[in-house]
Amino acid sequence: MNLEIQHIIYLLSSVTFILGLKMLSNAKTAKKGNSLAAVGMITAILTAIVFHDGAVSPLVYGLIFGAIAIGTVVGWLTAKRVQMTKMPELVSLFNGMGGACAALIGLVEFHHNTSIPTNMAVILAGMVIGSVSFSGSMVAWAKLNGTLKNAIRLPQYNLINTAIMFGLFAYSAWMVWVGTADEIHLYILFFASIAYGILFVLPIGGADMPVVISLLNSFTGLAAAFGGFLYGNQVMLTGGILVGSAGTLLTLVMCKAMNRPLFNVIFGAFGAGTTAASEAGPQGNVKEVGPSDLAVQLNYSKKVIIVPGYGLAVAQAQHVIKELETILESRGVEVTYAIHPVAGRMPGHMNVLLAESNVEYDKLKEMEDINPEFAQTDVVLVVGANDVVNPAAKNDPSSPIYGMPILDVENAKACIVNKRSMNAGYAGIENELFFRDKTQMLFGDAKKVLTELVTELKALD
Amino acid sequence: MIEFFTENKDMIFIVILMIFVGVEVIGKVPAVLHTPLMSGANAIHGVVVVGAILLMLNTETDNYLALALGTIAVFLGTLNVVGGFVVTDRMLEMFKKK
């Protein structure tokens with residue numbers, strides 16, 4: 001009887017996952033969808049424990065509940081306390097934890113299953129993918145929070161990585177073939193997988209991290225599905241495959257938004273182009289503008305568009321920018337925000353951030369909608385964005401970002417760019433926009449200069 | 001090969017159908033929702049914790065290494081589930097106000 005109840009509940013949980021994911025792809029229902037999937041998850045976990053057949057010692061129950069309790073508290077607090085700007089790296093971190101969980105399952109289950117080739121194949125696949133996802137996510141996490149600044153590339157890294165990938169595959173296949181029970185092979189495979197995850201993500205530039213995280217996300221889904229296969233557990237299988245397939249599609253959609261094939265992200269077309277582009281060096285002089293002059297300029301504008309980028313997030317300037325918007329609107333200036341699909345470190349990152357500081361949802365315009373409006377705009381204020389407004393994407397076929405759709409800020413009457421310095425953007429390339437006649441640079445930390453700007457604006461009244 | 005298929009045919013059916021469901025469900029998601037969606041999917045693959053729990057339930061009490069690794073696995077899996085759902089909820093909270 002237990003088994004039947006278990007199956008029915010697992011089925012219901014699977015349905016909540018599917019519905020939840022469906023609802024998550026629509027702004028109106030997203031929050032409910034997330035809660036629905038969470039309820040399904042809790043039910044599935046409880047079912048696995050409560051309806052288990054066979055004797056289980058109190059010690060084991062104690063360990064399980066203890067681990068769940070601590071995990072819940074730690075996970076809850078981390079997720080609640082993290083700043084909105086740190087969201088992307090947190091997703092990466094949690095993804096890594098899931099991968100590690102799958103890897104550990106593989107490590108432990110290995111012993112019981114060496115005589116059954118199918119089980120062994122499933123265990124090794126889950127362990128390898130889980131380990132890669134774990135170490136890869138950790139590198140992505142370190143890159144996003146700035147611990148690991150630059151893309152590190154070994155010579156011939158593509159060749160090495162591809163070789164290791166095939167090596168892992170061949171080694172696993174060999175282990176299954178001979179049915180070895182020797183743990184040394186298991187550990188070699190485990191550490192090689194960890195190393196592969198690191199080497200796989202290391203050469204990829206920070207700007208591509210969202211794509212990488214999304215890809216690793218679907219890897220972990222796959223690892224979970226292998227676990228489901230091993231235990232004959234349907235809810236693990238449905239949840240895992242669902243995330244694996246939806247995650248892969250999401251990865252491809254993200255790549256499309258950046259107009260870069262997934263192959264280029266992974267095998268680093270960026271890397272090849274960067275050196276060539278930076279050799280060109282700065283072109284000509286830039287014009288600077290101070291907060292007080294800019295305040296006057298903005299005060300007498302009719303239409304202002306703000307282009308936020310990661311610099312805004314780093315400086316925590318989302319509240320000041322809202323303040324700026326309020327003042328300008330009170331002076332009769334029309335203010336909107338232009339959101340590039342990959343602004344920030346993740347698609348939707350800027351929307352989340354600006355929503356946090358109460359910027360109205362319909363003031364945030366997507367790229368296709370806002371691009372025709374730049375021509376009628378008096379001032380464009382670019383805050384901490386760089387690559388998404390780089391004209392090279394349009395007119396320099398040799399540029400590594402060539403072909404990426406950009407915001408046409410150059411069509412506006414004036415363009416103010418706030419940056420901390422003249423350093424290149426995340427893609428590591430020069431931006432000729434800064435040297436244009438219509439462009440003025442506002443140097444400094446976004447929060448600091450915007451606060452000054454707001455003060456100047458208030459004084460003008 | 002044939003043997004593998006007949007033994008696991010239910011599982012294989014689930015896998016194939018779920019691949020299509022996954023693709024279909026994401027369909028036309030607006031760019032704005034990419035991050036929350038990724039985060040939500042991230043929480044769902046936390047279902048791997050069920051595997052860690054099953055592992056624990058089937059482990060003999062004197063196998064300390066397996067128990068230790070299993071406990072860590074349950075902890076990490078829970079972190080994935082709880083953290084994933086809570087962080088997604090917080091992101092979506094930002095959109096809801098308007």
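Residue A:185 meets the conditions (1) over 30 Å from residue A:148 (Cβ atoms); (2) within 14 Å of chain B (Cβ to nearest Cβ) in every case but one. The failed one is (2). Considering region A:300-321, the residues that are at pLDDT 90 or above and part of a helix (DSSP H, G or I) include one that is surrounded by the most Cβ atoms within 10 Å (Cβ to Cβ), namely A:321.
Yes or no, residue by residue, for (1) acidic (Asp, Glu); (2) modelled with pLDDT under 90; (3) surrounded by fewer than 24 Cβ atoms within 10 Å (Cβ to Cβ); (4) closer than 30 Å to residue A:82 by Cα:
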position	(1), (2), (3), (4)
A:348	no, yes, no, yes
A:356	yes, yes, yes, yes
A:360	yes, yes, yes, yes
A:376	no, no, yes, no
A:382	no, no, no, yes
A:397	no, yes, yes, no
A:405	no, yes, yes, no
A:428	no, yes, yes, yes
A:444	no, yes, yes, yes
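Scanning region A:83-112 for residues that are more than 7 Å from chain B (Cβ to nearest Cβ) and of a type in the set (A, V, I, L, M, F, W, C) returns A:84, A:93, A:103, A:110.
Of all residues being more than 7 Å from chain B (Cβ to nearest Cβ) and in contact with a Pro (Cβ under 8 Å, 6 or more places away or on another chain) in region A:225-259, which is nearest to residue A:43 (Cα to Cα)? Just the residue, please. Of everything passing the filter in region A:225-259, A:255 is nearest to residue A:43 (Cα to Cα). Candidates are the residues of region A:174-199 that are in contact (Cβ under 8 Å) with a residue 60 or more places away in the chain and of a type in the set (A, V, I, L, M); the one that is nearest to residue A:108 (Cα to Cα) is A:186.
Wholly within region B:1-62, which helices (runs of 4 or more DSSP H) include no fewer than the required count, namely at least 1 residues that are more than 26 Å from residue A:112 (Cβ to Cβ) and at the interface with chain A (Cβ under 7 Å from one of its Cβ atoms)?
Counting at least 1 such residues, we get B:9-26, B:34-44.
Against the list (1) more than 23 Å from the chain's Cα centre (by Cα); (2) closer than 30 Å to residue B:29 by Cα; (3) among the β-branched types (Val, Ile, Thr), the condition residue A:389 fails is (1).
Residues that are of a type in the set (Gly, Ala, Ser), crowded, with 21+ Cβ neighbours inside 10 Å and on the phi > 0 side of the Ramachandran plot: does region A:322-332 have at least one? No, because not a single residue in region A:322-332 is of a type in the set (Gly, Ala, Ser), crowded, with 21+ Cβ neighbours inside 10 Å and on the phi > 0 side of the Ramachandran plot.
Let's see how each residue does on (1) away from chain B (no Cβ under 14 Å); (2) closer than 28 Å to residue A:85 by Cβ; (3) outside any helix (DSSP H, G or I):
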| position | (1), (2), (3) |
| --- | --- |
| A:141 | no, yes, no |
| A:160 | yes, no, no |
| A:167 | yes, no, no |
| A:176 | no, no, no |
| A:212 | no, yes, no |
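Put simply, of A:342, A:333, A:352, A:304 the only residue that is under 23 Å from residue A:387 (Cα atoms) and more than 14 Å from chain B (Cβ to nearest Cβ) is A:304. Can you confirm whether region A:139-152 contains a residue that is charged (D, E, K, R) and either over 29 Å from residue B:3 (Cβ atoms) or touching a Phe, Trp or Tyr at 6+ places or on another chain (Cβ under 6 Å) (or both)? Within region A:139-152, one or more residues are charged (D, E, K, R) and either over 29 Å from residue B:3 (Cβ atoms) or touching a Phe, Trp or Tyr at 6+ places or on another chain (Cβ under 6 Å) (or both). Quick check on region A:427-438. Is at least one of its residues within 28 Å of residue A:285 (Cα to Cα), of a type in the set (S, T, N, Q) and in contact (Cβ under 8 Å) with a residue 60 or more places away in the chain? No, that holds for no residue.
The values are calculated or read from the model by the stated rules, or taken from the named source; none is laboratory data. Bear in mind that the values here come from a model prediction, so they are computed numbers and not experimental data. All Cβ positions, even for glycine, are placed from backbone atoms using ideal geometry, and neighbour counts span all protein chains on display.
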